[in-house]
Amino acid sequence: MASMLMVHMNPGQGETSYARNSSLQNAEQKRLKPLIEAAIVDFCTSTGTLLLTKMVVADLGCSSGPNAIALVSVAVETIHNHCLRFLQPPPEVCVLLNDLPGSDFNTVVKSLDTLRHSNCEPIVITGVLPGSFYERLFTSGSLHFVFSSNSLHWISKAPEDLTRNQITAYDIDEHIRLQRRPMVIEAYAQQFRKDFTRFLELRAKELIPGGRMVVSLAGRDSDVITPKFSHLWEFIAQNLSIMVLEGVIDKAKFDSFYLPVYEPSDKELREIIQDEGSFSITEMQVNEPPSGPDSALVVPSRFVNVIRAVFEPIIVLHFGQVMDEFVRTLERRWSLEGSLQDEHARNPRTTVAVSLRKA
Ligand SMILES: C[S@@+](CC[C@H](N)C(=O)[O-])C[C@H]1O[C@@H](n2cnc3c(N)ncnc32)[C@H](O)[C@@H]1O
């Protein structure tokens with residue numbers, strides 16, 4: 001597998017870009033708005049805004065396009081409104097956006113410029129921070145608020161237990177695959193546990209005492225993994241396995257592909273947070289995917305574009321230029337009336353949101 005540092009979403013503003021195909025993720029960000037507002041108001045009330053002359057707000061895994069600044073914009077607006085309400089001068093706000101170095105920071109910088117100039121008050125200073133959120137990103141005790149949406153299900157690397165023992169994530173042989181599935185899922189769960197624990201430890205160092213963190217990630221609504229449920233890595237591998245059988249991609253290449261994504265249940269997440277111990281949980285929500293006729297989930301061509309915008313770079317990095325065929329395979333799968341709806345019924349793409357307070 002290529003280095004995780006090369007991971008990014010489809011760049012730019014074109015038809016297949018993340019910027020144009022992230023409405024589902026944006027719907028999730030809208031759900032975080034009340035959690036962010038509550039965390040900020042609570043923080044400002046308990047600290048007293050008169051004492052706060054400056055605040056540092058960061059979004060981790062911002063990607064590019066309108067979503068990159070969505071959460072930090074909510075934060076800036078909430079800080080401003082809170083100070084207006086209590087007739088206090090607003091603090092200066094420093095907004096920092098992070099993603100992996102391969103991300104489209106040119107587009108991010110343009111969005112930040114819009115944010116900076118659309119606010120006369122408070123003073124907003126902006127910056128970008130390329131790097132992994134599984135490493136130190138900020139100086140100790142320098143952050144007031146950390147946000148992250150739709151990103152923390154990306155783990156830092158392929159599960160070590162699988163790569164070390166050369167166990168494929170998704171064996172083409174169904175019998176072997178089903179036999180190994182519990183072990184593979186456990187290896188993914190262990191890698192997620194290690195990474196999320198590290199994420200909490202690092203952010204605990206970087207946040208001030210009482211600092212807040214609001215994050216959401218792809219998750220599961222149940223601890224029981226049924227045979228019908230497929231994790232995102234299984235879902236992508238299913239499609240790629242059809243391409244192996246059709247001779248479009250090489251089996252050896254397929255066997256060495258581990259999509260570094262894991263969706264934890266709310267229970268798993270709660271346990272990791274409690275075991276790590278630096279944060280208390282203010283609120284946790286498990287959210288169903290956005291439904292309704294406008295949702296990109298119900299229109300096959302739009303849903304395919306959502307998947308393409310997220311997974312194209314990592315698939316192309318490993319397999320080369322196979323994306324048109326990947327898309328055609330997905331479209332064939334959902335060409336039958338109602339088949340996409342069936343897919344979502346089997347695999348509801350749930351998200352878990354959590355609001356945390358640093359002890
Ligand atoms: C689906 S996008 C989410 C973007 C945006 N936050 C949103 O809600 O639309 C996931 C982002 O997480 C980033 N990411 C994944 N692993 C990361 C890591 N270890 N450190 C920083 N960013 C990471 C990816 O590069 C990608 O831009």
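Tabulated values for the structure
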quantity	calculated
Any hit, segment 101-123, residues being open to solvent by 30 Å² or more (accessible area, probe 1.4 Å), without any contact (Cβ under 8 Å) to a residue 60 or more places away in the chain, in contact with a helix residue (DSSP H, G or I) (Cβ under 7 Å, 6 or more places away or on another chain) and more than 24 Å from Phe196 (Cβ to Cβ)	yes
Given (1) under 17 Å from Glu121 (Cβ atoms); (2) touching a residue at least 12 places away in the same chain (Cβ under 8 Å), number of the condition Asp59 does not satisfy	(1)
Scan of segment 274-318 for residues that are of a type in the set (A, V, I, L, M, F, W, C) and open to solvent by 30 Å² or more (accessible area, probe 1.4 Å), ordered by number	Ile281, Met284, Val286, Val298, Val299, Val316, Leu317
Any hit, segment 50-59, residues being more than 30 Å from Gly14 (Cβ to Cβ), open to solvent by 20 Å² or more (accessible area, probe 1.4 Å) and within 16 Å of the ligand (Cβ to nearest atom)	no
Within segment 88-100, considering residues that are more than 16 Å from the ligand (Cβ to nearest atom) and in a loop (DSSP other than H, G, I, E, B), the one most open to solvent (accessible area, probe 1.4 Å)	Pro89
Cβ pairs under 9 Å, 6+ apart, first in segment 12-25 and at positive phi, second modelled with pLDDT of 90 or more and away from the ligand (no atom under 13 Å from the Cβ)	Gly12/Asn106
Given (1) surrounded by 21 or more Cβ atoms within 10 Å (Cβ to Cβ); (2) of a type outside the set (S, T, N, Q); (3) within 30 Å of Pro34 (Cβ to Cβ), index of the condition Leu259 fails	(3)
Asn67 at pLDDT 95 or above, over 21 Å from Ala204 (Cα atoms) and among the polar types (S, T, N, Q)	yes
Residues being within 16 Å of the ligand (Cβ to nearest atom), of a type in the set (S, T, N, Q) and at pLDDT 85 or above - total across segment 293-335	1
All positions within segment 244-280 that are of a type in the set (A, V, I, L, M) and more than 19 Å from the chain's Cα centre (by Cα)	Val244, Leu245, Val248, Ile249, Ala252
Residues being assigned to a helix (DSSP H, G or I) and among the aliphatic types (A, V, I, L, M) - total across segment 334-354	2
Any hit, segment 79-87, residues being surrounded by 14 or more Cβ atoms within 10 Å (Cβ to Cβ) and in contact with an Asp or Glu (Cβ under 7 Å, 6 or more places away or on another chain)	yes
Single unsatisfied condition, Met183 versus (1) in contact with a Phe, Trp or Tyr (Cβ under 9 Å, 6 or more places away or on another chain); (2) in contact (Cβ under 8 Å) with a residue 12 or more places away in the chain; (3) assigned to a helix (DSSP H, G or I)	(1)
Candidate set: segment 105-161, residues that are within 18 Å of Met9 (Cα to Cα) and assigned to a strand (DSSP E or B); chosen: the one farthest from the ligand (Cβ to nearest atom)	Val128
Contacts under 9 angstrom Cβ, first residue in segment 327-340 being open to solvent by 80 Å² or more (accessible area, probe 1.4 Å), partner at pLDDT 90 or above and assigned to a helix (DSSP H, G or I), 6 or more apart	Glu331/Val304; Arg332/Ile242
Top-ranked residue of segment 188-233 - restricted to ones that are among the charged types (D, E, K, R) and over 23 Å from Ser149 (Cβ atoms), ranked as modelled with the lowest pLDDT	Lys228
Qualifying residue in segment 15-29 (condition: open to solvent by 10 Å² or more (accessible area, probe 1.4 Å), out of contact with any helix residue (DSSP H, G or I) (no Cβ under 9 Å at 6 or more places or on another chain) and over 30 Å from Lys253 (Cα atoms))	yes
Arg85 more than 9 Å from the ligand (Cβ to nearest atom), more than 24 Å from Ser23 (Cβ to Cβ), of a type in the set (D, E, K, R) and without any contact (Cβ under 8 Å) to a residue 60 or more places away in the chain	yes
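The values are calculated or read from the model by the stated rules, or taken from the named source; none is laboratory data. The structure displayed is predicted, hence computed values, not measured ones. Because the Cβ atoms are built from the backbone with ideal geometry, glycine has one as well, and the counts that use them run over all protein chains shown. Just the protein is used for accessible areas: all its heavy atoms, side chains included, with ligands, DNA and RNA removed. Shrake-Rupley method; radii C 1.70, N 1.55, O 1.52, S 1.80 Å.
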